[in-house]
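Below is one structure, written out as structure tokens; comments come after it.
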Amino acid sequence: MSHLRPAPRATERLAQASADFESKLAQTQDVLSTASREHAAIKQASSLGAEDVVISHLLAELKLPITVFVLDTGALHHQTLALLERQQATKRWVIEVHRPESAQVIEWVARHGQLAIYDHMALRKDCCRLRKLEPLAQALQGQTAWITGLRREQSEARADVPLVDHSETGTTGRTKYNPLASWTWGDVWHFIAREQIDYNPLHDDFYPSIGCAPCTRAISMGEPFRAGRWWWEDESAKECGLHVRAA
Ligand code: SF4
């Protein structure tokens with residue numbers, strides 16, 4: 001008989017509210033309400049990660065008419081797809097799923113091979129372009145604003161993420177709202193535990209940041225938050241282009 005105890009769930013391990021959590025929550029609710037009031041054409045981009053399930057939950061609680069969209073790259077973990085199905089079944093949100101052109105994906109894989117993303121950064125970025133950036137552009141067509149789960153604590157590249165980001169307005173005409181910008185990872189899990197929000201079980205298995213299956217691994221104690229994303233590349237390259245800010 002085994003005496004191994006299962007690892008604690010992410011909600012048990014990670015929930016730890018900041019001293020000023022309630023004021024951060026009020027600020028987040030205010031940002032979301034203001035965004036909804038100021039933009040008729042606005043959507044939430046959801047990766048179905050912890051931050052995004054928090055935001056979707058708040059949209060439903062606040063009864064804001066904001067559509068949620070998910071980019072199904074064709075390479076997501078089955079746990080992520082199962083969470084998407086559960087969310088759709090609740091009917092709490094209008095959820096759009098945007099996918100890449102399957103003919104283009106088939107042609108890309110036939111030309112470069114499944115493993116090319118590990119050998120050439122340019123091809124990895126090209127895969128992100130095809131499977132993420134093009135469906136993202138489709139999802140955001142006609143929108144004047146979008147909502148993301150970016151937090152300052154996630155990486156050095158995100159350390160100055162503002163609650164309301166106008167840096168894209170010159171190029172895309174869109175405002176980006178980051179209502180969790182000041183939340184800690186402990187705040188996120190405190191809220192998920194308190195509100196009993198359904199989440200991706202990969203978080204229980206030490207995946208803090210979840211993307212496509214071939215490009216995401218669990219992290220070890222002490223590793224940076226995004227160490228499991230494109231782990232074979234330099235730290236400075238660890239974005240897929242979705243959140244590159246204009247200078
Ligand atoms: S994260 Fe990996 S599999 Fe997903 S689109 Fe980018 S390179 Fe392709």
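Of all residue pairs spaced 6 or more apart or on separate chains, those with beta-carbon atoms under 7 Å, a first member in region 205-220 that is closer than 20 Å to residue 12 by Cβ and a second member that is hydroxyl-bearing (Ser, Thr, Tyr) and more than 8 Å from the ligand (Cβ to nearest atom) are 210/47; 210/80; 218/207. For region 151-165, taking the residues that are among the aliphatic types (A, V, I, L, M) and without any contact (Cβ under 8 Å) to a residue 60 or more places away in the chain, the one that is least open to solvent (accessible area, probe 1.4 Å) is identified as 161. Among the residues of region 96-125, the ones that are near the ligand (Cβ under 9 Å from one of its atoms) and within 19 Å of residue 139 (Cα to Cα) come to 1 in all. Scanning region 68-82 for residues that are in a strand (DSSP E or B) and either open to solvent by 30 Å² or more (accessible area, probe 1.4 Å) or among the small types (Gly, Ala, Ser) (or both) gives a single hit, 76. The single condition from (1) small (Gly, Ala, Ser); (2) open to solvent by 40 Å² or more (accessible area, probe 1.4 Å); (3) touching a Phe, Trp or Tyr at 6+ places or on another chain (Cβ under 6 Å) that residue 23 fails is (3).
Kindly check whether there is at least one residue in region 202-211 that is more than 16 Å from the ligand (Cβ to nearest atom), open to solvent by 50 Å² or more (accessible area, probe 1.4 Å) and assigned to a helix (DSSP H, G or I). Among the residues of region 202-211, at least one is more than 16 Å from the ligand (Cβ to nearest atom), open to solvent by 50 Å² or more (accessible area, probe 1.4 Å) and assigned to a helix (DSSP H, G or I), which makes the answer yes. When both residues are 6+ apart or on different chains and their Cβ atoms are under 7 Å apart, which pairs have a first residue that lies in region 19-38 and is closer than 14 Å to residue 61 by Cβ, and a second that is β-branched (Val, Ile, Thr) and open to solvent by less than 20 Å² (accessible area, probe 1.4 Å)? Taking only residues 6 or more apart or on different chains, the pairs are 36/42; 36/66.
Among the listed residues 140, 123, 115, identify the single one that is within 21 Å of the chain's Cα centre (by Cα) and hydrophobic (A, V, I, L, M, F, W, C). Of the residues listed, the single one that is within 21 Å of the chain's Cα centre (by Cα) and hydrophobic (A, V, I, L, M, F, W, C) is 140.
Just need a number here: residues in region 46-67 that are open to solvent by 20 Å² or more (accessible area, probe 1.4 Å) and in contact with a strand residue (DSSP E or B) (Cβ under 6 Å, 6 or more places away or on another chain). Residues in region 46-67 being open to solvent by 20 Å² or more (accessible area, probe 1.4 Å) and in contact with a strand residue (DSSP E or B) (Cβ under 6 Å, 6 or more places away or on another chain): 1 in total. Under the condition of being open to solvent by 30 Å² or more (accessible area, probe 1.4 Å) and assigned to a helix (DSSP H, G or I), the residues counted in region 83-100 number 5. Among the residues of region 86-104, those identified as of a type in the set (A, V, I, L, M, F, W, C) and either modelled with pLDDT under 95 or under 18 Å from the mean Cα position of the chain (by Cα) (or both) are 93, 94, 95, 97.
Taking into account only those residues within region 126-150 that are over 20 Å from residue 233 (Cβ atoms) and without any contact (Cβ under 8 Å) to a residue 60 or more places away in the chain, which is farthest from the ligand (Cβ to nearest atom)? It comes out as 141.
Restricting region 168-187 to residues that are among the hydroxyl-bearing types (Ser, Thr, Tyr) and surrounded by 14 or more Cβ atoms within 10 Å (Cβ to Cβ), the residue that is nearest to the chain's Cα centre (by Cα) is 177.
The values are calculated or read from the model by the stated rules, or taken from the named source; none is laboratory data. Not measured: the values here are computed from a predicted model. So basically every Cβ, Gly included, is an ideal-geometry build from the backbone, and we count neighbours across all protein chains shown. What goes into the accessible areas is simple: the full protein's heavy atoms, side chains included, and nothing from ligands, DNA or RNA. Shrake-Rupley method; radii C 1.70, N 1.55, O 1.52, S 1.80 Å.
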